[in-house]
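Throughout, read-outs are computed from the coordinates displayed, never taken from laboratory work. What you see is a predicted model; the values in this text were computed from it and never measured. Every residue, glycine among them, receives a Cβ derived from its backbone with ideal geometry; neighbour counts consider all protein chains shown.
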Amino acid sequence: MALTAAPAAGARRHGHGHRPLGSRLRTFGFHAGASALSLLWFAPIALILVISLRSTDDVLGHGLNSVPHSFAPGNFASAWNDGGLKQALINSAIVSIPAVALTLLLASMAAFALARYQVPLRRTLLLVMLGGNLLPPQILLVPVAKLTEQFGLHDSLAALIAVEIGFGLGFYVFVLQGFMRTIPAEIQQAALLDGAGPFTIYWRIILPLTRPALAALGALSFTWVFNDLLWPITVLVSETKMPVTPALLGLQGQFVSYWNVIAAGSVIAAIPTVAVFLRFQRHFIGGLNLGGVK
């Protein structure tokens, strides 16, 4: 019986174990299509990188889409020093870091109250917060500019930080309260029996459990604030106070024909957001997966 069973097992292993031809073709087609889309997405990035390394004579003499003939790594130094990107990146950091930190702190506190306690008009508050994010920001440009003028904050980085916090708060509260509501109530009840107060429960129990969502929102918020163009040009006037994205527009006006310097400035401006995403990539993807499952 052992001699007859072995071939049957081998037949199952070598015959029926293979996937059908149609399934393998679909898998191959999926991977081929995904690879083609990836190359199509990466092509503009590669073109910008190549242009940023080309010399000015090469770009002006042969055009942007030609094969590079000479290179000039000094384009990055020109964009950094002559184009003012150094100060622009400092301004972006001054705005982005406090804005993201304060937005997540305030949003997590509000979300904790809405998710873990019986707050009157809870659904109405959430709908108002969510509805505020559905308004086109263009219709609020004039009111926001006038409001900063009335408070004496116009043309200041403090005004830009306040605006970024205000327009990001509602969305983050909506997301975080949905995440916090999935935390078992028994954890909070056990902490109450041990004598923990609301702030202790929030700071030492709920907030650590919400870390994946906070990391995902933090990376997303940093990208939004760092790359924002609309609100900086609304509340700021001085060129020395502009963050990096408006500074890139000024770079296009200053180096109108030097696309290699402009491309170098774009590469420099993209480095911080790429670095933040790579640093929090695991938390970002984990937060999205947790939120989707729950």
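Mean sequence separation of contacting Cα pairs (under 8 Å, at least six apart), scaled by the length of the chain, corresponds to a relative contact order of 29 percent.
Here the simple spin-label model places points 7 Å from the Cα toward Cβ, and for ASP194 and LEU47 these points are separated by 5.8 nm. Look at the dipole of the chain built from charges on Cβ: of VAL100, SER55, LEU127, the Cα furthest out on the positive end belongs to LEU127. For ARG54, the residues 5 or more places off, or on other chains, whose built amide H falls under 5 Å of its own are ALA72. Each Lys and Arg Cβ is given +1 and each Asp and Glu Cβ -1; about its Cα centre, the stretch 113-187 then shows a dipole of about 360 debye.
Across every pair of non-identical alpha carbons in the stretch 193-233, the mean reciprocal distance, once inverted, gives a Kirkwood radius of 12.5 Å. Summing +1 for each Lys or Arg and -1 for each Asp or Glu among the other residues whose beta-carbon sits under 14 angstrom from that of ILE206 gives +3.
Projecting the Cα atoms of LEU141, ALA216, TYR202 onto the charge dipole of the stretch 82-293, computed from C-beta unit charges around the Cα centre, puts TYR202 farthest toward the positive end.
For a quick check: sort TYR117, TYR202 by the number of other beta carbons within 10 angstrom, fewest at the front.
Values: TYR117 10, TYR202 20.
Starting with the residue having the fewest Cβ neighbours, the order is TYR117, TYR202.
Applying the Karplus relation 6.51 cos²θ - 1.76 cosθ + 1.60 with θ = phi - 60° to the stretch 123-130 yields 3J(HN,Hα) values of 5, 5, 4, 5, 5, 5, 4, 5 Hz, where x marks Gly and Pro. Charging the Cβ of each Asp and Glu at -1 and of each Lys and Arg at +1, and nothing else, the dipole of the chain about its Cα centre rounds to 1500 debye. In this rough spin-label picture, where each label sits 7 Å from Cα along the Cβ direction, the VAL128-ALA36 distance is 5.2 nm. Couplings for the stretch 201-216, taken from phi via the Karplus curve 6.51 cos²θ - 1.76 cosθ + 1.60 with θ = phi - 60°, read 5, 5, 6, 9, 10, 5, 4, x, 6, 8, 4, x, 5, 5, 5, 5 Hz in order; Gly and Pro are left as x.
Rounded to 0.05, the FRET efficiency of the ARG26 and LEU278 pair, given R0 = 22 Å and the Cβ-Cβ distance, is 0.10.
Based on the mean of other beta carbon atoms within 10 Å per residue, what is the order of 163-169, 258-264, 38-44, 186-192, most packed first? List each step's numbers first, then the result.
Numbers: 163-169: 21.4, 258-264: 24.0, 38-44: 9.7, 186-192: 13.3.
Ranked by mean Cβ neighbours within 10 Å, highest first: 258-264, 163-169, 186-192, 38-44.
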